[in-house]
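Asker: Let me begin by handing over the structure; questions about it come next.
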Amino acid sequence: MPINLKVYAPAGCSVRSIKNKNFFFKSRCSITYIKNDEPSVEKGFVISRGQTEKSVDGDQWEFYWL
């Protein structure tokens, strides 16, 4: 199933991957990203389907579900 999600990363961050995860019948997406000033350190977080924003390490992320 394709992931119909557009991720708007904050300045200074780049998305590496978006993967669909199913936890106990709930659809979620795992976002892996890097901070551009530390490209060798991958970080990540999980969002629920329909979530439109999230604050991670002081950075504001936005999501648009298609």
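Asker: What accessible area per residue, rounded to a whole number of Å², is obtained for the chain using a probe radius of 1.4 Å? Can you show the working numbers first?
Answerer: Numbers: 4560 Å² over 66 residues.
Computed with neighbouring chains in place, this is 69 Å² per residue.
Asker: Over segment 1-48, what is the mean sequence separation of C-alpha contacts under 8 Å (at least six apart), divided by residue count, expressed as relative contact order in percent?
Answerer: Values: 73 pairs, mean separation 14.3, N = 48.
After rounding, I find 30 percent.
Asker: So, in the chain, how many Lys pairs have Cα atoms under 19 Å apart, if the pair is 8 or more places apart or on different chains?
Answerer: 14
Asker: How much of the accessible area of the chain, in percent, comes from carbon and sulfur atoms when a 1.4 Å probe is used? Present the calculation step by step, with values, prior to reporting the outcome.
Answerer: Numbers: 2260 of 4560 Å².
Taking all protein chains in place, the chain shows 50 percent carbon and sulfur surface.
Asker: Still on this structure: Which of the chymotrypsin sites (Phe, Trp or Tyr not before Pro) across segment 1-65 are loop residues per DSSP, with 11 or fewer other Cβ within 10 Å? Working shown, then result.
Answerer: Working: sites: TYR8, PHE23, PHE24, PHE25, TYR33, PHE45, TRP61, PHE63, TYR64, TRP65; in loops: PHE24, PHE25.
Sites meeting the loop and neighbour criteria: PHE24, PHE25.
Asker: Ok, one more. Take the alpha carbon gyration tensor of the chain, find the square roots of its eigenvalues, order them as a ≥ b ≥ c, and report rounded if a/c is under 1.5; if not, report prolate when a/b exceeds b/c, else oblate.
Answerer: Values: a/c = 1.99, a/b = 1.66, b/c = 1.20.
Verdict is prolate for the chain.
The values are calculated or read from the model by the stated rules, or taken from the named source; none is laboratory data. Since the model is a prediction, treat every value here as computed from it, not as a measurement. Note that each Cβ is placed from the backbone with ideal geometry, even for glycine, and that neighbours are counted across all protein chains shown. Side chains included, ligands, DNA and RNA excluded: accessible areas come from the protein's heavy atoms. Shrake-Rupley method; radii C 1.70, N 1.55, O 1.52, S 1.80 Å.
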